Amino acid sequence: MPTTLCLNVGSSSLKCALFDPSLARDPDGLPLSLLRAEIDTAGARTTGVLVDREGERRALDLPGHGIGPVAHHLFGELAKAAPAWPPELVVHRIVHGGTRYTQAVLVSPEVLSDLDALTPFAPLHQPPGLEGLRTAAALLPNAPQIACFDTAFHAGHPEVEDRYPLPRVWYERGYRRYGFHGLSYESVARRLPRLLGKRARGRILIAHLGSGASLCGLRDLRSVTTSMGLTALDGLMMATRPGTLDPGLLLEWWREGRLSVEEAETVLYHQSGLLGVSEISADTRDLLTSDDPRARLALDMFVASVVRHTGAVAAALDGLDALVFTGGVGFHQPAIRTEIVRRLGWLGLALDPDANGSSATLISPANHPPVLVLEAREEEVMALGAWELLEARADRA
């Protein structure tokens, strides 16, 4: 297997990790990185950090904005720091794979065209992901490019879960529930057998809480239901997205001529959620330290949204055997976890305050269903997906 660079491009961030498949893996079978970087492009300046294999961190101050310029400079930094450069393979996180792409795929012009066509279903995430792919292909022309998909983990749901209650013609045209954050969910699912034993194959709810947020219900380590649908707007309240809305609201906006389609898209993707309610910030860290009652209201609405949708997922699973928090908020915010679990006591859930405060892996007391805190490891499962694809292609050759 080749040395592999995994690029995880978000709407306001870029994460990457470099892997050598010949190295030993961790106890869950996930590869260990040689080098990784996390870049934040949301502020006035693009900043980030480079982390080597020993965990040593070096700050990066990257010029410019936009995935292309940032990736160009980042690759220069990686070339100076990486023990193996250039990589022989590049793997990309692409948010939407539609009905056709339900596993990792080697990128061709046809694949790229298909993925471009899905942009209306993920306008905040599909364009930067594809720009990262095109940039890497230009900067590393000798490395094959492989795409992995956030929607793939949810492929195979029964029609009762995926279909909207609309005429069948719309379902056949691809207007259905897809679900997202699949690479995050897969990274959690791969670690559950070691942590939960036989219980891992029971009824598990994973809460991916971050700027984007969703829930996934697992049975036998497979996704059986999720809170997001056709687009990344559905389900939970998020940083700048509202989550589930009455579609009649949009009809009224358009009927009254108050907003165009483009203006509505801006409101729904960029001006709603925590930011829209608080009018202060989209970041839970800012809201948790604010005395403004609007900040408290936004946080209360976020928690209420998670609790409401947890009830729906638990009903679909016929109960709950364990809860896992992941994502930036789920992993780093004990106060948010406390409020959510407090309101889920009817499911038998409870927290150990000390374990929760220190963000231990297991944060529930004995004699209660396990509540876990796990960091999303998307780049690792991207690498595994790409290597499995190459092995399958070699077996067919």
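The values are calculated or read from the model by the stated rules, or taken from the named source; none is laboratory data. In this text, all values refer to a predicted model and were calculated from it rather than measured experimentally. For neighbour counting, all protein chains shown are included, and Cβ atoms are generated from backbone atoms with ideal geometry for every residue, glycine included. In case anyone asks, the SASA skips ligands and DNA or RNA and just uses the protein heavy atoms, side chains included. Shrake-Rupley method; radii C 1.70, N 1.55, O 1.52, S 1.80 Å.
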Can you name the residue in region 203-218 that is of a type in the set (Gly, Ala, Ser) and touching a strand residue (DSSP E or B) at 6+ places or on another chain (Cβ under 7 Å) and, of all such residues, is nearest to Gly182 (Cα to Cα)? Ser214
With the checklist (1) open to solvent by less than 10 Å² (accessible area, probe 1.4 Å); (2) assigned to a loop (DSSP other than H, G, I, E, B) in hand, flag the one item Gly319 doesn't pass. (1)
Within region 124-150, restricting attention to residues that are touching a Phe, Trp or Tyr at 6+ places or on another chain (Cβ under 7 Å) and in contact (Cβ under 8 Å) with a residue 60 or more places away in the chain, which residue is surrounded by the most Cβ atoms within 10 Å (Cβ to Cβ)? Leu124
Filter region 46-73 down to the residues that are assigned to a loop (DSSP other than H, G, I, E, B) and modelled with pLDDT under 80 and list them by number. Pro63, Gly64, His65, Gly66
Those residues that are at pLDDT 95 or above and among the small types (Gly, Ala, Ser), I need them from region 180-215; list them, please. Gly182, Ser184, Ser187, Ala189, Gly197, Ala200, Gly202, Ala207, Ala213, Ser214
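Rundown of residues vs (1) of a type in the set (Gly, Ala, Ser); (2) open to solvent by less than 20 Å² (accessible area, probe 1.4 Å); (3) assigned to a loop (DSSP other than H, G, I, E, B), yes/no style:
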residue	(1), (2), (3)
Val160	no, no, no
Ser214	yes, yes, no
Ala232	yes, yes, yes
Pro242	no, no, yes
Cβ-Cβ under 7 Å pairs, at least 6 apart or on other chains, region 330-355 side at positive phi, far side open to solvent by 20 Å² or more (accessible area, probe 1.4 Å) and not aliphatic (A, V, I, L, M): Gly348/His368; Gly348/Pro369
Could you pull out the residue among Ala59, Ala71, Ala104 that is open to solvent by 50 Å² or more (accessible area, probe 1.4 Å) and among the aliphatic types (A, V, I, L, M)? Ala59
Odd one out for Ala17, checked against (1) part of a loop (DSSP other than H, G, I, E, B); (2) open to solvent by less than 30 Å² (accessible area, probe 1.4 Å): (1)
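Given Arg343, Arg255, which one is closer than 20 Å to Ala213 by Cβ and open to solvent by 20 Å² or more (accessible area, probe 1.4 Å)?
Arg343
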